[in-house]
Amino acid sequence: MTDYKYHRVLLKLSGEALMGEKSFGIDPAVLQSITDSVKPVWEAGIQIAIVVGGGNIFRGLSGAASGMDRAQADNMGMLATVINSLALQDCFERNGMDVRVMSAIEMHSVSETYIRRRAIRHLEKGRITIFAAGTGNPYFTTDTAAALRACEIDAEVLMKATKVSGIYDMDPVVHPEARKFDEITYMDVLTRDLKVMDATATALCHDNHMPIIVFKMEEQGAFEKALKGEPVGTTVVDEESE
């Protein structure tokens, strides 16, 4: 554990990542891949909290765009994150890991209700703690939920897993010439509108000096390397280190 720079982390996963090559739902192979990345870090004693999105099942913004009431659509999106959280819990537990799911929306038969002090106690006892149902309120993304929970549990870093290997000045999928940042400030992310996380989440991390590491989960060992302080992905910081 002395090899690690960070000892309490919040990992943000997108719901879309759970689809793998599918167009909808959950790919068991992706769940196992995530488990394989997280398990050695957990076994080393690192305290791990996770927030997962629900876009592989339902996106509130998409529902609102098609004419649904925005609050109702967001409620459906929050329930989708619960499904994903339970799927992660099942895979983790089948691999011998100790896990708790805590939901911002009360549903006692499938999860615990989120209570900050209880969540911290789970982490202290070495239990991976998955925060489901976003913030429990409409109009807030799971990015914002991740930033909020990271601050609440006194995480040392918020790590966002993406499909690309960090933050670029433009979409690297569309623009092969895109330049990757090794380090960038919160203000640059906001003023450049880089859409790494939504503006509310980025501002919340900025206000609370919560470092963000954006990395590609599929890269072997990337999660563990980043927690050890090795140069992985892009780090979002208060100001330029230069």
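Show me the helices (runs of 4 or more DSSP H) entirely contained within the range 11-115 in which 1 or more residues are β-branched (V, I, T). Walk me through it before giving the result.
On the way: elements: 28-43, 60-65, 70-94.
Once the helices (runs of 4 or more DSSP H) in the range 11-115 are filtered for at least 1 residues that are β-branched (V, I, T), what remains is 28-43, 70-94.
Go through (1) exposed (fewer than 15 other Cβ atoms within 10 Å of the Cβ); (2) modelled with pLDDT under 95 for G55 and report which single condition fails.
(1)
Would you confirm, using the coordinates I've provided, whether M102 is free of Cβ contacts under 8 Å to residues at least 40 places away in the same chain and surrounded by 16 or more Cβ atoms within 10 Å (Cβ to Cβ)?
Values: free of Cβ contacts under 8 Å to residues at least 40 places away in the same chain: yes; surrounded by 16 or more Cβ atoms within 10 Å (Cβ to Cβ): yes.
Yes.
Restricting attention to the range 143-188, which residues are more than 19 Å from V38 (Cα to Cα), of a type in the set (A, V, I, L, M, F, W, C) and assigned to a strand (DSSP E or B)?
Scanning the range 143-188 gives I167, F181, I184.
For M210, all conditions in the list (1) in a loop (DSSP other than H, G, I, E, B); (2) under 17 Å from V164 (Cβ atoms) hold save one; what is the number of the exception?
(2)
Suppose we keep only residues that are out of contact with any Gly (no Cβ under 9 Å at 6 or more places or on another chain) and among the acidic types (D, E) within the range 4-42. Which one would you say is modelled with the lowest pLDDT?
Here the answer is E21.
Out of the range 29-64, which residues are in contact with a helix residue (DSSP H, G or I) (Cβ under 9 Å, 6 or more places away or on another chain), of a type outside the set (A, V, I, L, M, F, W, C) and farther than 11 Å from N84 by Cα? I'd like the intermediate steps shown before the answer.
In the first step, residues of the range 29-64 are kept if they are in contact with a helix residue (DSSP H, G or I) (Cβ under 9 Å, 6 or more places away or on another chain); the result is 30-32, 34-35, 37-42, 44, 46-64.
Narrowing further to those that are of a type outside the set (A, V, I, L, M, F, W, C): 32, 35, 37, 39-40, 47, 53-56, 59-60, 62-63.
Residues satisfying the conditions are Q32, T35, S37, K39, P40, Q47, R59, G60, S62, G63.
The values are calculated or read from the model by the stated rules, or taken from the named source; none is laboratory data. All of these numbers come straight from a predicted model, not from anything done at the bench. Note: ideal-geometry Cβ built from the backbone for every residue, glycine included; neighbour counts use all protein chains shown.
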